[in-house]
Amino acid sequence: MSEDPKGTGQDQSGTGEEWLDIFRSLGQQVRKDAARVVGAPDDADWRTIGDHTTEAARKGAADVVDMPNDASWDEIGGKIESTVRGGIAQVIGEDDDADWKEIGQAIEDRVHGLMNDLFGSKKTEKADDVVDPWEGKEDA
């Protein structure tokens with residue numbers, strides 16, 4: 001029998017094993033709940049849970065972009081890219097099916113137009129009226 005440092009009259013030798021059992025049980029419950037969340041069997045190991053997590057993420061992403069649950073990551077990515085590209089095209093006044101080159105050119109044209117409107121030179125003199133500040137000066 002181990003010593004009873006506080007004089008409670010209780011054997012302290014089993015306390016470590018009891019806590020170990022509690023933590024093992026807690027770990028098993030965490031794993032079981034993780035498995036349930038991702039749709040894996042309750043007795044799944046962590047590798048299986050990880051595989052189901054990837055599958056659950058793909059299905060969730062497919063659902064977000066209104067695609068079937070069996071859509072591949074490439075199909076999901078293509079849909080996202082198409083949606084983003086079409087949205088940007090609409091914002092700048094291009095067709096929904098404009099490609100990135102057309103979108104880039106339209107943005108560049110608008111930026112150049114804006115800069116010319118704001119900072120472009122306003123020609124008020126004719127080319128014949130240009131004055132050369134060095135004309136008529138002789139080297140000293």
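Where a number appears in this text, it was derived from the coordinates with a stated rule and is not lab data. Fair warning: this is a prediction, and the values are worked out from it, not measured in the lab. Cβ sites come from the backbone with ideal geometry, for glycine too, and all protein chains shown count toward neighbours.
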#### Entry: Computed E for Asp70/Phe23 - FRET, C-beta separation, R0 41 angstrom, nearest 0.05
0.55
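Relative contact order (percent) for region 24-71, with alpha-carbon contacts under 8 angstrom and 6 or more residues of separation?
Over region 24-71, the number comes to 22 percent.
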### Task
About the Cα centre of region 62-121, how large is the charge dipole given +1 on each Lys and Arg Cβ and -1 on each Asp and Glu Cβ? Please answer in debye to the nearest 20.
300
